[in-house]
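Before any comments, here is the structure.
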Amino acid sequence: MKKLNIFRLTLTEYFLLTLSAVALACSFENINIDALIWVGLLPFFIVIEKKSAKGSFLAGLYVGLVFYFLTMYWLIATLSTYGAMNIVLCTLIFLLLALYLAAFFGLFAMLHRYTLKRFDSVFIAPLIWVPLEYLRTYLISGFPWILFGYATYRRFGLTQVADITGVYGQSFLILLVNSALYRMYRYFTSEKKKLYKIEAAITCAIFIAALLYGALSLDESIINKNNPIKVGLTQGNIAQELKWSENSRETTMENYTELTQKATEDIQKNSNYDNSPPTLIVWPETAAPFYIQNATNDRAKLIRLAKENNAYILTGALAYEPKYDDPDGEYDYFNSAFLIPPTEDASGEVKLSRYDKVHLVPFGEYVPIHKILFFVDKLTEGIGDFTSGKKAKNLKMVGHNYEFGVLICYESIFPNLVRNFVNNGADFLVNITNDAWFGDTSAPHQQVSMAAFRAVENKRYLIRAANTGISLVIDPFGRVIKNTKLLDRAYLTDEIYTINKDTFYSKYGDVFAVTLSVILLLMLFLAYRKNRIKL
């Protein structure tokens with residue numbers, strides 16, 4: 001069939017590649033037909049098997065573009081609504097990001113073609129894909145959005161292996177199954193009957209081993225249920241255009257005050273809580289629309305609210321510090337979380353503790369290479385670019401001897417950052433976020449799937465308070481215990497617990513992904529040195 005000019009593909013190849021991209025996209029939230037992730041790459045493999053390195057790259061680039069357009073379409077509306085940019089510029093920025101991410105698909109296809117001719121194995125595909133996902137997690141600030149493993153977050157029997165491998169283990173398994181299916185296809189369509197049956201058997205054995213490990217890991221005896229932590233989560237559903245409005249400040253505070261009191265009453269009336277007050281009430285990211293550091297009436301009200309409800313209150317808010325040795329008296333601004341205790345310390349003062357967000361959102365909280373991208377405004381309405389915090393610092397509830405790690409917004413998608421909180425002694429994890437700028441799209445659902453893996457990797461409860469939703473409680477096995485609906489004004493309460501287990505992943509991090517990366521580099525070096533492959 002005659003080839004088209006774009007990407008030099010035939011209509012049949014376009015159909016197969018589009019089929020792959022659509023199947024992969026439908027595996028994720030909120031369509032969530034996750035069975036497709038296990039077969040979605042088969043048409044893609046069929047197309048690239050006879051392509052040159054360049055042809056494979058272009059085919060992968062096309063699949064990536066379609067995939068990211070279908071899964072991250074919401075970014076255009078987000079940029080347009082809150083970035084003060086016209087739709088043409090928003091679309092251009094989105095396309096640039098999609099091209100960058102799609103290039104990883106292209107690089108995978110090219111390396112797969114290059115390496116497979118030297119090392120013909122079912123393991124080639126996962127050995128290439130996982131290091132590329134790992135690279136994407138950290139390269140240029142990192143953007144590990146919707147890694148393949150996240151499609152399986154509801155399959156609790158499979159996902160438990162993440163407490164060893166991180167989410168990359170799920171991606172490995174997905175690529176291994178797709179590769180095995182493709183090679184069985186080759187077995188039935190090729191005259192050369194290689195060891196495809198043995199590879200299929202090995203793949204089945206690894207899959208079953210993951211299931212068995214999952215079954216053994218779903219062990220609730222690791223949960224210390226003697227000391228429940230009673231939590232309340234508030235979801236104010238404040239529209240993004242009102243969050244920083246001076247006229248809406250009082251209404252916002254009244255909104256969250258009422259939700260806090262309702263959550264407290266719910267905990268005290270529920271017999272499961274022994275009529276005792278809550279331990280912790282959580283407000284979302286930047287829920288307090290004022291500087292808590294300043295001695296204002298709003299600060300006094302917040303402190304009084306914690307005392308009246310006899311509970312710690314965690315809230316997101318902006319913070320500031322004088323720039324180091326700045327003669328002009330300028331300030332650094334932070335996206336922070338403040339923990340307000342219900343009692344005074346020994347000196348009679350209410351001592352607030354604070355965590356400053358470490359991993360900022362490019363274009364959301366700062367504009368990278370601003371001198372070049374001077375025409376791009378931040379999405380976050382605030383004063384100047386934010387400054388990142390210095391380290392993963394836990395917040396402590398002194399009266400209860402608990403400490404927890406706070407993940408502000410999209411910090412929850414960075415596995416290594418989250419494990420640092422646990423290594424520092426976090427008994428549980430709290431994710432506060434403002435998803436108002438995503439609207440009613442798949443983005444909040446995608447973030448939930450990623451947060452669930454952080455709970456599994458570290459075997460910790462994770463609670464999430466989101467301005468417009470979805471707020472929820474996730475147990476150490478990644479199961480959503482309770483949740484609110486998107487775009488609702490709501491609250492929820494529950495008990496969470498400490499865990500009598502430290503995971504391999506918490507202790508040692510991305511050993512699995514790093515090991516595969518080293519193996520891949522060694523394979524590429526050997527293939528190059530033998531000079532048996534021609535690009």
Exercise. Got a sec to turn the phi values of region 142-154 into Karplus ³J(HN,Hα) couplings, 6.51 cos²θ - 1.76 cosθ + 1.60 with θ = phi - 60°, whole Hz, x for Gly and Pro?
Worked result: x, 8, x, 7, 6, 4, 4, x, 5, 5, 9, 5, 8
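Give the relative contact order (percent, whole number) for region 417-535; include only Cα pairs under 8 Å separated by 6+ residues. Don't skip to the end; give the middle numbers.
Numbers: 155 pairs, mean separation 27.2, N = 119.
23 percent.
Go through Lys51/Lys197; Lys307/Lys501; Lys351/Lys390; Lys262/Lys501 and tell me which ones have a Cα-Cα distance over 27 Å in this structure. The partial results should precede the final answer.
Details: Lys51/Lys197 25 Å; Lys307/Lys501 33 Å; Lys351/Lys390 21 Å; Lys262/Lys501 34 Å.
Violating the 27 Å Cα-Cα cut-off are Lys307/Lys501; Lys262/Lys501.
Net charge near Phe414, counting Lys/Arg +1 and Asp/Glu -1 over other residues with Cβ under 12 Å of its Cβ?
On the way: positive: Arg136, Lys357, Arg419, Arg454; negative: Glu411, Glu457, Asp510.
Spelling it out: positives minus negatives among the neighbours equals +1.
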For this session: Could you work out the mean projected area of the convex hull around the alpha carbons of region 402-453, in square nanometres to one decimal?
Result: 3.6 nm²
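Can you check what the net charge comes to around Ala35, using other residues whose Cβ is under 13 Å from the Cβ of Ala35 (Lys, Arg +1; Asp, Glu -1)?
Values: positive: Arg154, Arg155; negative: Asp34.
My count for the surroundings of Ala35 gives +1.
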Exercise. Could you list log10 I(q)/I(0) for region 5-91 at q = 0.17, 0.18, 0.19 Å⁻¹, which the Debye formula gives when each Cα is one point scatterer?
Worked result: -0.76, -0.81, -0.85
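What number in nm² do you get for region 134-206 if you take the convex hull of its Cα atoms and divide its surface by four?
6.4 nm²
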Exercise. What value, in deg cm²/dmol to 500, does the helix sum -39500 (n - 2.57) over DSSP H runs of n ≥ 4 give at 222 nm once divided by the residues of the chain?
Worked result: -14000 deg cm²/dmol
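Please report the projected area of the chain's Cα convex hull averaged over all directions, in nm². Write down the numbers at each step before the final one.
Details: hull surface 110.6 nm².
Value for the chain: 27.7 nm².
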Problem set entry | Straight-distance crosslink candidates among aspartates and glutamates, where the alpha carbon sits under 14 Å from Lys459 and sequence neighbours closer than 8 are dropped | Asp163, Asp219, Glu220, Asp427, Asp475, Asp502
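Which number comes out as Rg/Rh for region 395-492 once both Rg and the Kirkwood Rh are worked out on C-alpha atoms?
On the way: Rg = 12.9 Å, Rh = 13.4 Å.
In region 395-492, Rg relative to Rh is 0.96.
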Seminar exercise, completed: Expected vector for region 463-478, Karplus 3J(HN,Hα) from phi with 6.51, -1.76, 1.60 and θ = phi - 60°, integer Hz, x for Gly and Pro, equals 10, 9, 10, 10, 3, 10, x, 9, 8, 6, 10, 10, 7, x, 9, x
For this session: Pull up all non-local amide H partners of Thr10: gap of 5 or more, or a different chain, and H-to-H distance under 5 Å with H placed in the peptide plane.
Result: Leu4
Problem set entry | Cut-off 14 Å between beta-carbons: net charge of the residues surrounding Thr159, Lys and Arg +1, Asp and Glu -1 | +1
Exercise. Where does helix 511-530 land angle-wise versus the long Cα axis of the chain, in degrees 0 to 90, nearest 10?
Worked result: 30 degrees
Seminar exercise, completed: Sequence order, region 330-339: Karplus ³J(HN,Hα) from phi using 6.51 cos²θ - 1.76 cosθ + 1.60, θ = phi - 60°, Hz rounded, Gly and Pro as x, gives 7, 10, 8, 10, 10, 8, 10, 10, 10, 10
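Only the coordinates and a few stated rules stand behind these numbers; no lab work does. Computed from a predicted structure; not experimentally measured. FYI the Cβ positions are ideal-geometry reconstructions off the backbone, even for glycines, and counts take in every protein chain you see.
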